[in-house]
1. Treating each Cα of region 1-63 as an identical point scatterer and ignoring solvent, apply the Debye formula and state log10 I(q)/I(0) at q = 0.12, 0.29 Å⁻¹.
2. What relative contact order, as a whole-number percentage, does region 83-180 give when Cα pairs under 8 Å and 6 or more residues apart are counted?
3. Can you send over the carbon and sulfur percentage of the accessible area for region 1-91, probe radius 1.4 Å, protein chains only?
4. For the full complex of protein chains and a 1.4 angstrom probe, list Phe87, Phe58 by accessible area with the highest value first.
5. Near Lys102, which lysines are there with a Cα under 23 Å away, not counting those fewer than 8 places off in the same chain?
6. Ordering Met1, Met157 from largest to smallest accessible area (1.4 angstrom probe), what's the sequence?
7. Which loop-located trypsin sites (Lys or Arg not before Pro) does region 246-278 contain, where loop means any DSSP state but H, G, I, E or B and the Cβ has at most 15 other Cβ atoms within 10 Å?
8. With a ≥ b ≥ c taken as the square roots of the eigenvalues of the C-alpha gyration tensor of region 149-278, please select rounded if a/c is under 1.5 and otherwise prolate if a/b is larger than b/c or oblate if it is not?
Amino acid sequence: MQVIRTIPELRQALAGQSRTAFVPTMGNLHEGHLALVRQAHERGGPVVASIFVNRLQFAPNEDFDTYPRTFERDCALLQGVGCDIVFAPDESVLYPEPQDVKVHPPAALADVLEGAFRPGFFVGVCTVVLKLFHCVQPAVAVFGKKDYQQLMVVRHMVRQLALPVEVVGSETWRADDGLALSSRNGYLSPAERAEAPALARALRAIESAVAAGAQDWRGLEQQAMDGLSARGWQPDYVAVRRQADLGAPQAGVPLVVLAAARLGRTRLIDNLEVPARG
């Protein structure tokens, strides 16, 4: 496995490749990330994983400076699942000058839910993903469904800009107790870690209610928010949306339940797809 830190060296290593599969990460890897690499490996071409903590997607009051950086461990894990190249540029490589040209996804998709609570987040995501796509020039890129809105925003960007990249969504990996794996789970205290699966349980309760015919979307959302608050969480949102476009829910179409909430000082997100009722 090669560790490459510059764009010219990366392009030289991938020269002539037409089947490159790409997994962008911010490091501090867990089993969910490794599953993305395994899925990329199935495509038969070289697999590139990037490790880059992207300043553009962090607000000034967020955890850019303290975000866990575990590079040596990450490389060992990636080598163990067949990654061919780790692209790990310094900030000065990817942003050699102030990044004035940025990608602004549509407000209807990107300024709701996560975008409403983290203004500018998806501008930062789209800008770095587009730049990484130009560096790697992959045929396929694999993203986790755990960041559901992010996946939708990236797919929209790829479609609108006619990028020659197939974007693949990989299912969320969960611990045995249902907690979605996340690099930020390491911030949780032991007591908070024991409580954390309550977020996934709230989503499953809505899924069960919808499967039973419930259509009071706002009532289901508020009930889940109130339940989390009563357990000591600080929920930002619990929302039932259409899978197709994150628009307002309606009966008879595939839905997704999305949630974000703080437990102590840790902000967790999760989602659960709800198939259309027959």
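1. Result of the Debye calculation: -0.38, -1.28.
2. Here the relative contact order equals 24 percent.
3. Values: 2050 of 4340 Å².
About 47 percent, which is the carbon plus sulfur part of the accessible surface.
4. Accessible-area ranking of Phe87, Phe58, largest first: Phe58, Phe87.
5. Of all the lysines, those that pass the test against Lys102 - Cα under 23 Å, at least 8 places apart if same chain - are Lys131.
6. On the way: Met1 80, Met157 10 Å².
Correct descending sequence by accessible area is Met1, Met157.
7. Arg265, Arg277
8. Since a/c reaches 1.5 but b/c is at least a/b, the shape of region 149-278 is classed as oblate.
The values are calculated or read from the model by the stated rules, or taken from the named source; none is laboratory data. Here the structure is a predicted model, which means the values were calculated and not measured. Backbone-built Cβ (ideal geometry, glycine too); neighbour counts: all protein chains shown. Each accessible area value is taken on the protein alone, full model and side chains, heavy atoms only, with ligands, DNA and RNA left out. Shrake-Rupley method; radii C 1.70, N 1.55, O 1.52, S 1.80 Å.
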